[in-house]
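Colleague: Quick one: the structure is below, and I'll ask about it shortly.
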Amino acid sequence: MASTSFILRVGLRAIKAGHTIVWGFFVGCIIAIWVFAWRGDDRGAALAIGIVSIEVAILALNGLHCPLTAIASRYTDDRRANFDIYLPVWLAARTKVIFGSLYAGGIILTLARWAWAGQS
């Protein structure tokens, strides 16, 4: 029984670590959209938007849940907002709203910069 518990803890920790790394990568891409757009780097902004759009599609196909959440749920009965990721509960509970808004804002800024560049 103790070995099963150990395996469950190690498995959950591995999933949480991986999920946190993936989350950080996409947050970095969302921030990069703003930086690229502000600097007028159309290709960089488009690339970052495209990368994040893949994650958005994956979330949409999974009922707005990360596939890693389903895997993590096999290891624990805990269902707090951060049971599957190393983030504070308040951030894990709001990550889609916060970073979804930043993503949408980055797209709007990119489109606005493209429009302004086309007028000059």
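Colleague: Using only the C-alpha atoms of region 54-97, find the volume of their convex hull and express it per residue in Å³.
Modeller: It is 75 Å³ per residue.
Colleague: Quick check: pseudo-label points 7 Å beyond the Cα along Cα→Cβ at residue 7 and residue 91, how many nm apart are they?
Modeller: Label at residue 7, label at residue 91, 3.3 nm between them.
Colleague: Explain nothing, just the number: dipole magnitude of the chain about its Cα centre with +1 on each Lys and Arg Cβ and -1 on each Asp and Glu Cβ, in debye rounded to the nearest 20.
Modeller: Magnitude of the dipole: close to 200 debye.
Colleague: Where the centroid of each part is defined by its Cα atoms, how far is region 19-40 from region 97-120 in Å?
Modeller: Cα centroid to Cα centroid, the span is 13 Å.
Colleague: Stretch residue 61-residue 98 to full length: gain in nm at 0.36 nm per residue minus the Cα-Cα span?
Modeller: That pair, residue 61 and residue 98, stretches by 11.3 nm at full extension.
Colleague: Something else now. Run the numbers on the chain and let me know its relative contact order in percent, using alpha-carbon pairs under 8 Å that are six or more apart.
Modeller: RCO, the chain: 36 percent.
Colleague: Return the distance in nm (one decimal) between the two label points of a simple spin-label model at residue 116 and residue 35, each offset 7 Å from Cα along Cα→Cβ.
Modeller: 1.9
Colleague: Another one. Quick one, which of (1) 37, 16, 11; (2) 36, 12, 11; (3) 21, 18, 13 is the actual semi-axes √(5λ) of the Cα gyration tensor in Å calculated for this model?
Modeller: Among (1) 37, 16, 11; (2) 36, 12, 11; (3) 21, 18, 13, the one derived from this structure is (2).
Colleague: Where does each of 4, 76 land when they are ranked from fewest to most other beta-carbon atoms within 10 angstrom?
Modeller: Result, fewest neighbours first: 4, 76.
None of the figures in this text is laboratory data; all of them are computed from the coordinates on show. Here the structure is a predicted model, which is why all the values come from computation and not from measurement. All Cβ positions, glycine included, derive from the backbone under ideal geometry; neighbour counts span all protein chains shown.
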